[in-house]
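Participant: Got a structure for you, questions after.
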Amino acid sequence: MSSFVLIASLIFATYGVAVIEEWVSTNRLRLAGPLISTLRLLGQENILPRKSDRLFFEVGPVLLLIAALLSLAVIPLAPGLIVTDLATGALFFNAALAYVLVAMIMAGWGPDGAYGMIGGWRFLGQLIAYAMLVVMPITTVAMRAESLSTIDIVNSQEMLWNIAYQPLGFLLFLFAGMAMAFVPPFDLPVASGELAGGVEAEYTGVRLIIFRLGRMVLILSVSSAIVVFYLGGWLGPFGPDWSWSMIKILGVAALMLSGGRMLPRIREATLLAWSWKLGIPLALANIFLVGVLVLVVPL
Amino acid sequence: MSVQVIFLLAFGLAAVWFGIVVFRTHSMVRSALALLFSQTAVGAMFLVMQAEFLGVLQIMMMATEMSIMAIFMVMFMMDPGGLGEMDMKHQRKLSLWAGIIAFGGASGLALFGDWGPIATQIPDAGEQVRLLGIELLGRSMLIFESAGLTILTAMIAATSIAVQPPHRPKETPDKSKEPYQVHNHGGAA
Amino acid sequence: MFGSREFSKPNLLHGLIGRATGNDLRVLVVPGPELALAGGLDLMDAGLRMASGPRDANVLLLLPPLGDKMLNAASVAFAQMPRPRAIVALGVKNISPLPEADIYGELSQAGLIESVNSLRLHFAQNSFSNSVQSFDAPALQSRIEYTCPMHPEVVSNQPGSCPKCGMDLVPRETGTDTGQPEEKSVQKTQSSSNAAHAHSSHVKTAPAEVDHGEHKKADGESGDATAKYTCPMHPEVVSDEPGSCPKCGMFLEPVKAESDHGSHSHGSHSHESESSVSKLIGLEPGFMSMIEMTEGTPRSSDGLQMEWITVPFGPFFPGLPAGFGLELTLDGDNVAKATTSSFCGFSDSLENGPINAGDYVENLQGQMPLAPLTYRLLACRAIEAAAEKTSENDNLRDATLAQERIASQLRWLTNLGRQLGLKGIERKAAKLQLLIIGADYEQIIKLTPELSQFIKKVKATPFLRRRLDAVGELPPQSNWDGPQSIENNAAGRLVARLDDISQSLALIKKAGAIGEIKLAEIGNAAGHGHASVDTARGKANLHVELKGGQVISAKLDTPSMRHTELVAPLTDQQELGDALVAIASIDISPWEMRV
Amino acid sequence: MSQLQQYAILFGLTVGTLGLVLSLYALARAIGKTRKEPGKDVPATAGQLSRDPVWVRYHARYTTFALLFLAFDMEMAFMYPWAVVYKEEGLVALLDMGVFLAILFLGLLYGWSQSALKRQ
């Protein structure tokens, strides 16, 4: 029963993210939108660029989907509603999402097209910018929870959510998470106005379905990580636990997707400079602050 | 138990196979990512052996690090796409021997080394991380801090190499040609 | 059926997919989305979504005017669109080399909506068909040409050897367009596929007359035949005795004939096969020396030498003016060189001899679809100056000009929004543009508060100014005469354009009405005339010569023609994204460039 | 659930995803084959055929960041076990890691001073 609820709610949430994504990018709410797009792409030709690295071209989107799904596996929707409660869950989340980078490099390099290749290597630069800002805030969350398990992390926030306990970490993680899911304004590798689709540019048909699905699951996964690490996961005043998780996750996803549309796309040089000159010192300061806080006010 | 061994073997073979692919492909990116997947398979082996933290850490760190290696290979190797089908192997004999000796040494170490008694009780994954943390802050604190210093040294070295304009022979034709020409004439004579 | 997918017996799933395709239309507009806006078409409202490239599109929307160059480019884009796909032609009939359009419609919003409706039906019924034909066009043909790996300027249609160095020519695929600029291939010499050939053929054919210096480098580490020891880092250091390198202190390595990195005599060059060459001269097959390969290639700013690629960013690149043929030579994602061309430029030569002054005005107007009234006014003024007539409603004409300026700036903002991923600005600017173009005086006055509010909103967009601050600094003494601003960067030009909208609004309000632009009666006047008009992009000048009421010669000078020269200095060594923003900031119209 | 069972689930998830992908491919295959046409398989570059390979020595501009990143990444390996026992160990852990992070921060400052923190 619980695994059924789990699968159903994950599918529902992914679909929800896709609906929100279309909504914010076209300003039009179409509940059937993702379904129609999927059907259209299913009927589309699958073009394989000639002289391409076919292995990379095929594996790229699949690896993106697998990485995103695996990262989602350690995210609890409620106590007991989790695919695997790994003892190193927070670390595993990060490990799985590191392969998003590998997938993007493969997908960008594979077709031997200029836009895609530039997009793929750009994402590596983006990772160098955001990765430390994912890792360091996760450490402070683990410090408070005394565990890397995501369930323990949620339980540690029973008194006070981490967003209030370590707001600096939350902000850093939010931005880094948006960069990780390459949503605007961090959509450097798939920018339409700058690279005409970038990494996505050569994908059509069923491969594009996989790519887009992987992307949606990735956004879902990042937003649910934000919920679990900082917004108290399933904790809520009344009602069933999983519904709180769902509301928060979709809310964060909507925030991530719509917030970035207000900002111009960030230049790679700016992103790198900011995250290394400002972000990492702040993240280190956050570790120190939380370190003191945990010893002094152990809530 | 037996399933565990089968998976261990399978991941081990995958690691070896990807390791072979590293040298068999002409494309630099393929080569770098094959090395990555070889390392990932090693990480999976750790997982099968229930060393969760080590396994996940291996899987995580290799992904970014090998990707960075890939970009460096693309930057500095000829023909990174492998379109020219050129052979990147050099000094075959030497490397063959070095490989055989290293393999022999490693397997000798594995077979004849003293690995202590076989652990019957494996602490669960959470406990493993905790024990590791206590070890880091206790007995191995000095090692841990000197690792920090080592990393600092590496950072300084890497920065100073990368930021300085790389030294290279002057590209102006007369200067680069001169020494060659001198010897070439000698050779022709 | 040039757009359907092949399938003999469509089943239920095919029907579903057909209907889904009809409900999820991604459109690639030819010439470009700004033409749709200028023509008053609201694509979003008609249920079309803009595709980011040909792969993403399933509808090719054709709008007038379409030149041959544009249609050729469109045929390439159409060939790259995955099936099922369709062509919709609004207001155009002859679209060869593209196949017959699936839907023809008239150029209006109603025509567009009607076409989209029949398009949905078309996709539902014809997405899959059993009579599918392949699409082919002259622009898609390719041929093999042969080029020398060391001398890229040597290009031949047949295999053979290079007249300069005698090396074997290597094959390379290229388009049929023989007008391919040769300079384009300069950077491609190092392209990897040639690289391996470069070496093997070099070794194979190197005859004695080859320049010895170059030959030596190819062999990399080779030394003197009598030498016994050499430094692994400094091949020029050769010694008879073991020891250390005087340059770096490394141990000298012994060099033996037939060893891996050995030296070798150059006595024998007449080898048949590559392998025997490798064996004899001790060189590994396919081994390439970095020094040889990077020799002569230009350096990047940080001194590292990489290979450069030449990438087209147009004519259908989202975020750049449609029809603008930008080709960037990229060093990583930095721009090393930019070349520009136009796919839809004008021609001011009067090919068919002198034409009626009235016809000339219409003709010039038709050639400038993005600023028709502006150029109509320019033509009228120049002709009237030549005929020494004056127009009485000059300030009403200026009001018309101002209206078109507002529309032009709004279209520019749409483009900027698309380029930077600012969906809100893109949508709002497009909507306001549609309202402005058809508006009369009262409607414009009514729109004023909305426009001012929008200008305020754009100015207040977080990080927008900061994003544009660092890019687009014009070199000193450049002939920029577009919207003037205090800051010499893209941000300054954004503000200047926004202010231009406000000023134009004020001007319209002062004029009190919007006048029609009509050519004054000039009779059989003759003479020279010159006029200039402040367009949204800068000053446009026109010289005409009249004789007997006919224009016998005309010389048009447009702002875009002058500003195109700024593209190279603006993009030089800029990051790709910045370079594109910089190009957008000077607002070039390919229609105002010469073909 | 034992650890091995959990890994088995993750492995199963991977295999299951592959299965989903394969069945989608099969479905797409059943819908129709891709027609081979001239120009279609050339990478799309905005309306022009660009037939040259782009797999060349790509000049990445973030190399100095990448090198610093490697060092930081290495260091994070120590942070996780430390974070887990942080509360338990208290002040010792704070000082210990304080020294470690300070050393690391020095490296960052050094890189900064050598202008490694800019696009090359």
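The values are calculated or read from the model by the stated rules, or taken from the named source; none is laboratory data. As the structure is a computational prediction, the values presented were derived from the model and not from experiment. Glycine also receives a Cβ, built like all others from the backbone with ideal geometry; neighbour counts cover every protein chain displayed. SASA here: full protein model, heavy atoms, side chains in, ligands and nucleic acids out. Shrake-Rupley method; radii C 1.70, N 1.55, O 1.52, S 1.80 Å.
Participant: So, of the residues in the range C:346-359 that are closer than 19 Å to C:Gly67 by Cα and either open to solvent by less than 20 Å² (accessible area, probe 1.4 Å) or not hydroxyl-bearing (Ser, Thr, Tyr) (or both), which turns out to be nearest to the other protein chains (Cβ to nearest Cβ)?
Facilitator: Looking only at the range C:346-359, we keep the residues that are closer than 19 Å to C:Gly67 by Cα, and these are C:346-352.
Those left that are additionally either open to solvent by less than 20 Å² (accessible area, probe 1.4 Å) or not hydroxyl-bearing (Ser, Thr, Tyr) (or both): C:346, C:348, C:350-352.
Working: C:Phe346: 20, C:Asp348: 26, C:Leu350: 30, C:Glu351: 27, C:Asn352: 30 Å.
The extreme case among them is C:Phe346.
Participant: From the list B:Val16, B:Val21, B:Val3, B:Val42, exactly one residue is at negative phi, modelled with pLDDT of 90 or more and in contact with a Leu (Cβ under 9 Å, 6 or more places away or on another chain). Which is it?
Facilitator: Working: B:Val16 fails: in contact with a Leu (Cβ under 9 Å, 6 or more places away or on another chain); B:Val3 fails: modelled with pLDDT of 90 or more; B:Val42 fails: in contact with a Leu (Cβ under 9 Å, 6 or more places away or on another chain).
So the residue among B:Val16, B:Val21, B:Val3, B:Val42 that is at negative phi, modelled with pLDDT of 90 or more and in contact with a Leu (Cβ under 9 Å, 6 or more places away or on another chain) is B:Val21.
Participant: Take the residues of the range C:329-342 that are within 18 Å of C:Met561 (Cβ to Cβ) and open to solvent by less than 30 Å² (accessible area, probe 1.4 Å): which is nearest to the chain's Cα centre (by Cα)? I'd like the intermediate steps shown before the answer.
Facilitator: Going through the range C:329-342, the residues within 18 Å of C:Met561 (Cβ to Cβ) turn out to be C:338-342.
Subsequent filtering for residues that are open to solvent by less than 30 Å² (accessible area, probe 1.4 Å) retains C:338, C:342.
On the way: C:Ala338: 10, C:Ser342: 8 Å.
Among those that are within 18 Å of C:Met561 (Cβ to Cβ) and open to solvent by less than 30 Å² (accessible area, probe 1.4 Å), it is C:Ser342.
Participant: If a residue has to be in a helix (DSSP H, G or I) and either touching a Cys at 6+ places or on another chain (Cβ under 7 Å) or not small (Gly, Ala, Ser) (or both) to count, how many in the range D:13-44 make the cut? Show your work before the answer.
Facilitator: Looking only at the range D:13-44, we keep the residues that are in a helix (DSSP H, G or I), and these are D:13-31.
Now narrow it down to the ones that are either touching a Cys at 6+ places or on another chain (Cβ under 7 Å) or not small (Gly, Ala, Ser) (or both): D:13-15, D:17-18, D:20-22, D:24-25, D:27, D:29, D:31.
The qualifying residues number 13.
Participant: Which condition does B:Ile151 not pass, out of (1) at pLDDT below 85; (2) open to solvent by less than 60 Å² (accessible area, probe 1.4 Å); (3) not polar (S, T, N, Q), if it passes all the others?
Facilitator: Only one criterion is unmet by B:Ile151, namely (1).
Participant: If you don't mind, another one. Tell me the residue from C:Leu350, C:Leu370 that is not assigned by TED's automatic domain parsing to the domain that holds C:Arg562 and not in a strand (DSSP E or B), please. Steps first, answer last, please.
Facilitator: On the way: C:Leu370 fails: not assigned by TED's automatic domain parsing to the domain that holds C:Arg562.
Criteria check complete, one pass: C:Leu350.
Participant: Also, I was wondering about something else. Taking the range C:328-345 as the search range and keeping residues that are facing chain D (nearest Cβ under 8 Å) and in a strand (DSSP E or B), which one is nearest to C:Leu570 (Cα to Cα)?
Facilitator: Of everything passing the filter in the range C:328-345, C:Asn334 is nearest to C:Leu570 (Cα to Cα).
Participant: Need the failing condition index for C:Gly105 against (1) more than 24 Å from C:Leu140 (Cα to Cα); (2) within 14 Å of chain A (Cβ to nearest Cβ), just the number.
Facilitator: In the conditions (1) more than 24 Å from C:Leu140 (Cα to Cα); (2) within 14 Å of chain A (Cβ to nearest Cβ), C:Gly105 misses (2) alone.
Participant: If you scan the range C:313-328, which residues turn out to be open to solvent by 10 Å² or more (accessible area, probe 1.4 Å) and touching a Ser or Thr at 6+ places or on another chain (Cβ under 9 Å)?
Facilitator: Once the filter is applied, which keeps residues that are open to solvent by 10 Å² or more (accessible area, probe 1.4 Å) and touching a Ser or Thr at 6+ places or on another chain (Cβ under 9 Å), the range C:313-328 yields C:Pro318, C:Pro321, C:Glu327.
Participant: Does the range A:127-150 include one or more residues that are free of Cβ contacts under 8 Å to residues at least 60 places away in the same chain, in a helix (DSSP H, G or I) and open to solvent by 10 Å² or more (accessible area, probe 1.4 Å)? Steps first, please.
Facilitator: Within the range A:127-150, the first condition is being free of Cβ contacts under 8 Å to residues at least 60 places away in the same chain, and the residues that meet it are A:127, A:131, A:134-135, A:142, A:145-146.
Within this subset, residues satisfying the condition of being in a helix (DSSP H, G or I) are A:127, A:131, A:134-135, A:142, A:145.
After this cut, where a residue has to be open to solvent by 10 Å² or more (accessible area, probe 1.4 Å) as well, the list is A:131, A:145.
The answer is yes; a qualifying residue exists.
Participant: Take the range C:93-151 and flag every residue that is of a type in the set (Lys, Arg) and open to solvent by 80 Å² or more (accessible area, probe 1.4 Å).
Facilitator: So the first thing to find is which residues in the range C:93-151 are of a type in the set (Lys, Arg), and the list is C:93, C:120, C:143.
Residue satisfying the conditions is C:Lys93 alone.
Participant: Right, next: Just checking, does the range C:33-44 include any residue being assigned to a loop (DSSP other than H, G, I, E, B), touching a Pro at 6+ places or on another chain (Cβ under 8 Å) and more than 23 Å from A:Gly33 (Cα to Cα)? Working first, answer last.
Facilitator: Filtering the range C:33-44 down to residues assigned to a loop (DSSP other than H, G, I, E, B) leaves C:39-44.
Next, from what is left, pick out any that are touching a Pro at 6+ places or on another chain (Cβ under 8 Å): C:39, C:43.
Filter once more, so that each one left must be more than 23 Å from A:Gly33 (Cα to Cα): C:39.
Yes - at least one qualifying residue is present in the range C:33-44.
Participant: What number of residues within the range C:425-475 are open to solvent by less than 40 Å² (accessible area, probe 1.4 Å) and basic (Lys, Arg)?
Facilitator: Qualifying residue count, the range C:425-475: 1.
Participant: Filter the range A:20-41 down to the residues that are under 25 Å from C:Gly417 (Cα atoms), part of a helix (DSSP H, G or I) and either within 7 Å of another protein chain (Cβ to nearest Cβ) or not β-branched (Val, Ile, Thr) (or both) and list them by number.
Facilitator: Here is the first cut: in the range A:20-41, the residues under 25 Å from C:Gly417 (Cα atoms) are A:20-30, A:33-34, A:37.
Right, trim to part of a helix (DSSP H, G or I) and you get A:20-26, A:33-34, A:37.
Within the range A:20-41, A:Glu21, A:Glu22, A:Trp23, A:Ser25, A:Thr26, A:Gly33, A:Pro34, A:Ser37 meet the criteria.
Participant: Which residues, counting only those in the range A:54-66, are at the interface with another protein chain (Cβ under 9 Å from one of its Cβ atoms) and either open to solvent by less than 10 Å² (accessible area, probe 1.4 Å) or of a type in the set (Val, Ile, Thr) (or both)?
Facilitator: Of everything in the range A:54-66, those that are at the interface with another protein chain (Cβ under 9 Å from one of its Cβ atoms) and either open to solvent by less than 10 Å² (accessible area, probe 1.4 Å) or of a type in the set (Val, Ile, Thr) (or both) turn out to be A:Phe56, A:Pro61, A:Val62, A:Leu65, A:Ile66.
Participant: Which one of B:Ala110, B:Ala125 is open to solvent by 20 Å² or more (accessible area, probe 1.4 Å), over 25 Å from B:Val29 (Cα atoms) and not assigned by TED's automatic domain parsing to the domain that holds B:Phe37?
Facilitator: Working: B:Ala125 fails: open to solvent by 20 Å² or more (accessible area, probe 1.4 Å).
It is B:Ala110.
Participant: Determine whether the range A:181-188 contains at least one residue that is closer than 30 Å to A:Met106 by Cβ, in a helix (DSSP H, G or I) and among the charged types (D, E, K, R).
Facilitator: So far as the range A:181-188 goes, no, none of its residues is closer than 30 Å to A:Met106 by Cβ, in a helix (DSSP H, G or I) and among the charged types (D, E, K, R).
Participant: Could you check how many residues of the range B:46-93 are free of Cβ contacts under 8 Å to residues at least 12 places away in the same chain, within 14 Å of chain C (Cβ to nearest Cβ), part of a helix (DSSP H, G or I) and within 19 Å of the chain's Cα centre (by Cα)?
Facilitator: Qualifying residue count for the region: 4.
Participant: So C:Pro31 clears everything in (1) open to solvent by 40 Å² or more (accessible area, probe 1.4 Å); (2) in contact with a Cys (Cβ under 8 Å, 6 or more places away or on another chain) except one condition, right? Which one?
Facilitator: (1)
Participant: Here is a follow-up. Yes or no: A:Ser156 open to solvent by 20 Å² or more (accessible area, probe 1.4 Å), under 15 Å from A:Phe229 (Cα atoms) and within 12 Å of chain D (Cβ to nearest Cβ)?
Facilitator: On the way: open to solvent by 20 Å² or more (accessible area, probe 1.4 Å): yes; under 15 Å from A:Phe229 (Cα atoms): yes; within 12 Å of chain D (Cβ to nearest Cβ): yes.
Yes, satisfied.
Participant: Considering B:Gln39, B:Gln50, which residue is out of contact with any Asp or Glu (no Cβ under 6 Å at 6 or more places or on another chain), within 22 Å of D:Ala83 (Cα to Cα) and open to solvent by 10 Å² or more (accessible area, probe 1.4 Å)?
Facilitator: Numbers: B:Gln39 fails: within 22 Å of D:Ala83 (Cα to Cα).
The match here is B:Gln50.
Participant: Specify the residue that is farthest from the other protein chains (Cβ to nearest Cβ); the eligible residues are those in the range D:15-44 that are among the polar types (S, T, N, Q) and open to solvent by 40 Å² or more (accessible area, probe 1.4 Å).
Facilitator: Of the range D:15-44, the ones among the polar types (S, T, N, Q) are D:17, D:23, D:34.
Filter once more, so that each one left must be open to solvent by 40 Å² or more (accessible area, probe 1.4 Å): D:23, D:34.
Numbers: D:Ser23: 10, D:Thr34: 4 Å.
Only one residue fits best here, namely D:Ser23.
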